[in-house]
1. Can we say Val12 is at pLDDT 95 or above and buried (at least 19 other Cβ atoms within 10 Å of the Cβ)?
2. Could you give me the residue pairs with C-beta distances under 9 Å whose first residue belongs to segment 59-82 and is touching a residue at least 12 places away in the same chain (Cβ under 8 Å), whose second residue is in a strand (DSSP E or B) and charged (D, E, K, R) wherever it lies, and which are 6+ apart or on separate chains?
3. Of the residues Arg29, Arg58, which is modelled with pLDDT of 95 or more, closer than 19 Å to Leu103 by Cβ and loosely packed, with under 14 Cβ neighbours inside 10 Å?
4. Return the pairs, sorted by first residue and then second, in which the second residue is in a strand (DSSP E or B), the first residue lies in segment 101-121 and is farther than 19 Å from Leu248 by Cα, the beta carbons are less than 8 Å apart, and the residues are 6+ apart or on different chains.
5. Exactly one of (1) under 21 Å from Phe39 (Cβ atoms); (2) at pLDDT 95 or above; (3) surrounded by fewer than 14 Cβ atoms within 10 Å (Cβ to Cβ) is unmet by Ala148. Its number?
6. Could you list, ordered by first residue, the pairs with Cβ atoms under 9 Å in which the first is in segment 225-238 and touching a residue at least 12 places away in the same chain (Cβ under 8 Å) and farther than 20 Å from Ala40 by Cβ and the second is assigned to a loop (DSSP other than H, G, I, E, B) and of a type in the set (Phe, Trp, Tyr), at least 6 apart or interchain?
7. Restricting to segment 61-78, name every residue that is of a type outside the set (A, V, I, L, M, F, W, C), buried (at least 21 other Cβ atoms within 10 Å of the Cβ) and in contact with a His (Cβ under 7 Å, 6 or more places away or on another chain).
8. Determine which single condition Arg234 fails, assuming it passes every other condition in (1) among the basic types (Lys, Arg); (2) farther than 17 Å from Ala125 by Cα; (3) in a helix (DSSP H, G or I).
Amino acid sequence: MTEDSESPRPAVLHTPDGAQIAYHHTPGRLPGVVFMGGFASDMTGTKAVALESFVRQRGNAFVRFDYQGHGQSSGHFRDGTIGQWSRDAVHVLDALAEGPQVLVGSSMGGWIMLLAALARPAHAAGMLGIAAAPDFTEDMLWAGFDAATRERIERDGVHEMPSDYGAPLPITRDLIHEGRSHLLMRGSIPLTCPVRLIQGMQDDEVPWDWALKLTERLQSEDVEAVLIKHGDHRLSDGPDLDRLRYQLDRLLGHVEGVAT
């Protein structure tokens, strides 16, 4: 999806390590919403723009941004790692988020959302995961590769993985190895804010029971998982967007202390 006409050019956040993070910030009341996109996705995607419009109408603040190597931010995708992208999210929270926020993470963004919340718990008033994929580099990519592909990654440093959404994606040795230092699903995740998880049961990238496993791992007592029987990984058609708006509205109302 193309950029919305009201803000065709993103602002740029300069990070301490010299990166330039492109973003759009809509001012509004608290709690704000920060959207974190998926692997090789960007902030112009259908869900990011649709939720921005909804949150703007609701009157809350909203931020969407591109990680390094994604979209309009600096850097190269193949140089990225989970640690780098989670640091980008923390930089965004530090620079653009004032007070409590609801963090929304799509696919890999669900992992980044959790890591950012752990790093900045004061900003994490609530979380909404959309096909959230914590630990996907190890448990979905690496676990799904055959021996020849694993050997190629270790030997050559990269595997060009075919993608249904465009050009092949470079899966690098650094992405896999560095990702192991950020794994969360091996134990309890010490986050206690309200969490809502939306997961399609026809998702061919993130197993639908991953949402249930994440529910068990989170220390929060206020976690709800919504399973969509015919939902795919993207969850970006009309009815799915309606579900996202509904769940985000409920979560914002809950965080604001409004009965829903």
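The values are calculated or read from the model by the stated rules, or taken from the named source; none is laboratory data. This is a predicted model, so every value here is computed, not measured. All Cβ positions, glycine included, derive from the backbone under ideal geometry; neighbour counts span all protein chains shown.
1. So Val12 fails the test.
2. Close Cβ pairs satisfying both conditions: Gly59/Arg29; Asn60/Arg29; Ala61/Arg29.
3. The conditions single out Arg29.
4. As it stands, the answer is Leu118/Ile189, since those pairs meet every condition given.
5. (1)
6. Pairs found: Leu227/Trp208; Ile228/Trp208; Gly231/Trp208.
7. Arg64
8. The single condition Arg234 does not satisfy is (3).
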